[in-house]
Amino acid sequence: MIELSPQDWTAVALSLRIATVATLVSLPFGIAIATLLARRNFWGKTLVDAIIYLPLVLPPVVTGYLLLITLGRHGPVGAFLADHFGIVFAFRWTGAVISCGVMAFPLMVRAIRLSIEAIDRRLEDAAATLGAGPFWNFATVTLPLALPGIIAGAMLAFARALGEFGATITFVSNIPGETQTLPLALYTFTQVPGGDAAAWRLTLISVVVAMAALLVSELLARGIDRRIRGMS
Amino acid sequence: MIEVDIEQRLGDFTLAAKFTAPATGVTALFGRSGAGKTSIVNALAGLTRPTRGRIEIDDEVLFDSERGIDRPPNRRRLGYIFQEHRLFPHYSVKGNLRYGGSGGPALGFDEVVALLGLEALLARRVGDLSGGEKQRVSIGRALLANPRLLLMDEPLASLDAARKAEILPFIARLRDALKIPIIYVSHAMEEVVQLADTLVLISDGKVAAAGSVEELTSRIDLRPLTGRYEAGSVIRTVLRGQDKSFGLTELDFPGGRLRVPHLDLPLGTALRLRIHARDVVLALAPPTGLSIRNSFAGIVAEISPEDGPLVDLRLDIGTPAEPVMLWARITRRALADLKLGLGSPVHALVKTVSLERPSPVRGGTLEL
């Protein structure tokens, strides 16, 4: 059994907390945007589409830098939030939540969008003739049928958030106990002499956490799939 | 009343349908596939929006392009039974049934379940049901939403003959027991004749004719649309007496009385009979020394223009006030030998009738 140092534990716990919060906070937005993109045609849809997917193709450092200059202490949005609401993201773990969330968002939206597009819309028509208004229809037909995609999207986002490096280190730096997530800690160990053993430990932990996440999502998806396909 | 007057472009197909139908009994929208029947029903349900027009049911305007009225489908209270059941796969049978509500004061959950024989299916998953069971559940689901009108889009089309025979009695029961008006889309004339009171013929996105089933199926000019399905006539009768000594039931129509083997139905029951043209024999004089008892005097009202060996004659065997049309199919040779022409007096002898109503369960063919 490998012994984890307090610093290792801090990094692991912080990573899990940041990835979980980033996933949960972005999930409602992810579902909303995915539904919008899957179901509505509106002016500027291509542009919205492009902006959502931008973090996927941009170098993460660029995304982190863009976050820094908008949400940082002196950025227009960051300054406003700090002055009026006392909300500060820069060099805080909440800032890491934002960078992880933004980086994971395209993957989440994509998975949910595909599952919504795959839903037989005639079922929603049937629900409408049975008296279901748009919201009730969405909550009782669209959402449950899209659940496998939503879980897959959330799991992808969670995994992506766990591994986030470039945007996080650029936006909120590498502060142990505050913004030093698992990949950042690992990177730090590789930069100091004699850090190899610690780096190995964190590597192993990363593998275990990733495997566990995959396993959980697979089991969840299977259970739900069986329910949806109506097989007992 | 159901009043429909809509125009809608669907690709390179233009729907321009206008008809009125009574909001009682069954109104059949009949036509070939691709004629626009389903498009009309979708517009009625509010699932598609006509480019122009008006839809009104029982003085309630559901759609009016000029006044900018377009009631959303969830607020139209029209039950829709689709060709492909469209049950929710993520709910049980019970969940599906309860989705739209638990019925109205007249017809609650337990009554619907009993009516459609769904007791044993309630806990089942939709994926485990047979085609006929799925369609029964979808009928129940629509009924429990307490609709003012049921729309049925070829509910039997995806079922095999045995399943059709399973569902048809349930639909007939809705019509007779529940008095829920039904708009029934079909391209099968045998279903239409069994179920419908009013017929709307749809062709190329337009209404070719609308009227009673009896009237439209006996019009020769509509033959290309109604099809030559078992050419014959549909006659409305009322059960007026029982002849106990011979075990016969007397069915009256304007100007005549048919005697058929005993039917266990109360006096006054309205019955619809179908008489195939090939089961009608013509005579110039009232027959004597013949076993056929059902003979009716009438005149030749129309002769189908045919070149083949067979011709169809439309006879009027009713009264001047209430004509009753009866089709007879005879050979062209017989037509010539008997020197029959328009207005010729004839006697029509009927050998067999099919009972189409009140319900296909009691239906069947009666040898006379």
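Observations, loosely collected:
- Qualifying residues in the range B:90-129 (those that are free of Cβ contacts under 8 Å to residues at least 12 places away in the same chain and of a type in the set (D, E, K, R)) - the one nearest to the other protein chains (Cβ to nearest Cβ): B:ASP128
- Taken over the range A:106-126, residues that are at the interface with chain B (Cβ under 7 Å from one of its Cβ atoms) and touching a helix residue (DSSP H, G or I) at 6+ places or on another chain (Cβ under 6 Å) amount to 1.
- The one condition in (1) open to solvent by 60 Å² or more (accessible area, probe 1.4 Å); (2) closer than 30 Å to A:ARG121 by Cβ; (3) assigned to a helix (DSSP H, G or I) that A:LEU16 fails to fulfil: (2)
- Taking the criterion of being assigned to a loop (DSSP other than H, G, I, E, B) and under 22 Å from the mean Cα position of the chain (by Cα), the residues of the range B:228-262 that qualify are B:ARG228, B:TYR229, B:GLU230, B:ALA231, B:PRO254.
- Residue match in the range B:264-282 (condition: in contact with a Ser or Thr (Cβ under 7 Å, 6 or more places away or on another chain), more than 25 Å from B:VAL192 (Cα to Cα) and not basic (Lys, Arg)): no
- Residue list for the range B:58-89, restricted to those being crowded, with 20+ Cβ neighbours inside 10 Å, within 14 Å of another protein chain (Cβ to nearest Cβ) and at pLDDT 90 or above: B:LEU62, B:PRO73, B:ARG76, B:LEU78, B:GLY79, B:TYR80, B:ILE81, B:PHE82, B:ARG86, B:LEU87, B:PHE88
- All helices (runs of 4 or more DSSP H) inside the range A:131-213 with 2 or more residues being in contact (Cβ under 8 Å) with a residue 24 or more places away in the chain, in contact with a His (Cβ under 8 Å, 6 or more places away or on another chain) and within 22 Å of A:ILE33 (Cβ to Cβ): A:143-163
- Residues in the range B:46-57 that are out of contact with any Leu (no Cβ under 8 Å at 6 or more places or on another chain) and away from chain A (no Cβ under 14 Å): B:THR51, B:ARG52, B:GLY53, B:ARG54.
- B:GLY100, sole failed condition from (1) buried (at least 19 other Cβ atoms within 10 Å of the Cβ); (2) of a type outside the set (Phe, Trp, Tyr); (3) part of a helix (DSSP H, G or I): (3)
- Residue count for the range B:6-33, restricted to those that are open to solvent by less than 70 Å² (accessible area, probe 1.4 Å), polar (S, T, N, Q) and either assigned to a loop (DSSP other than H, G, I, E, B) or in contact with a helix residue (DSSP H, G or I) (Cβ under 9 Å, 6 or more places away or on another chain) (or both): 1
The values are calculated or read from the model by the stated rules, or taken from the named source; none is laboratory data. Bear in mind that the values here come from a model prediction, so they are computed numbers and not experimental data. Glycine gets a Cβ as well: all are built from the backbone with ideal geometry, and neighbour counts include every protein chain shown. For the accessible areas, the whole protein counts, side chains as well, though only heavy atoms, and no ligand, DNA or RNA atoms are used. Shrake-Rupley method; radii C 1.70, N 1.55, O 1.52, S 1.80 Å.
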